[in-house]
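The values are calculated or read from the model by the stated rules, or taken from the named source; none is laboratory data. Small disclaimer: the values here were computed from a predicted structure and weren't measured. Glycine gets a Cβ as well: all are built from the backbone with ideal geometry, and neighbour counts include every protein chain shown. With ligands, DNA and RNA removed, areas are computed over all heavy atoms of the protein, side chains included. Shrake-Rupley method; radii C 1.70, N 1.55, O 1.52, S 1.80 Å.
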Amino acid sequence: YCNSVRFSAMSTMKHIIFIQESGFKNIVKGTKTVEGRCLTLRFRKISSGDTLEFICGEETILCHCIKAIVYDGFHEMISDIGINSCLPTLDTTDIDDAVDYYHSFKNYKKKADKNGVVAIHIKKLDFD
């Protein structure tokens, strides 16, 4: 799920993205550098320079979108960026296993086949 808000004084947007715990922890650790999603209307709006607020339960983390690249499907995306970028804790080196992981989410295969997918390259924002 993703909500988007346009900043009035800037041309960038802030997007709120709900994410599962494993993905969230990997973003916090810095091991997950790409968020892969089906290219639905809400994810079409994400572009370079935008701020992404990932939410998992009560926890949040802010990231910067470095770039968002559209692919025909998860196989093409993973072949290009690698499994470790988007699924660093998935215990496989087989691209088909990684694709199966994405397709295990409700309606993901159908949405990906219909709309394509997007690889959102991210960088944690540090406020230290």
- Can you send over the solvent-accessible area of K45, 1.4 Å probe, protein chains only, in Å² to the nearest 10? 100 Å²
- Task: Just tell me the longest site-free run in the chain, where the sites are chymotrypsin sites (Phe, Trp or Tyr not before Pro) in a DSSP loop having at most 12 other beta-carbon atoms within 10 Å.
- Result: 8-126
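Using the Cα centre of the chain as the reference point, and only Cβ charges (+1 on K/R, -1 on D/E), how large is the resulting charge dipole? Debye, rounded to the nearest 20.
Rounded to the nearest 20 debye, it is 640 debye.
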- Roughly to the nearest percent, how much of the accessible area of the stretch 41-86 is carbon and sulfur, given a 1.4 Å probe? 46 percent
- Query: Summing -39500 (n - 2.57) over the DSSP H runs of n ≥ 4 in the chain and dividing by its residue number, what mean residue ellipticity at 222 nm do you reach, to the nearest 500 deg cm²/dmol?
  - Reply: -8000 deg cm²/dmol
- Note on the structure: For the chain, dividing by residue count, accessible area per residue (probe 1.4 Å) in Å² works out to 57 Å²
- Message: For S47, S85, give me the order by solvent-accessible area with a 1.4 Å probe, most accessible first, ignoring ligands, DNA and RNA.
- Response: S47, S85
- Ignoring everything but the protein chains, give the 1.4 Å probe accessible area of C56 in square angstrom, nearest 10. 20 Å²
- Just one of (1) 9.6; (2) 7.8; (3) 12.5 is mean projected area of the Cα convex hull in nm² calculated from these coordinates, so which is it? (2)
- Report the accessible area of V99, computed with a 1.4 Å probe over the heavy atoms of all protein chains in place, in Å² rounded to the nearest 10. 20 Å²
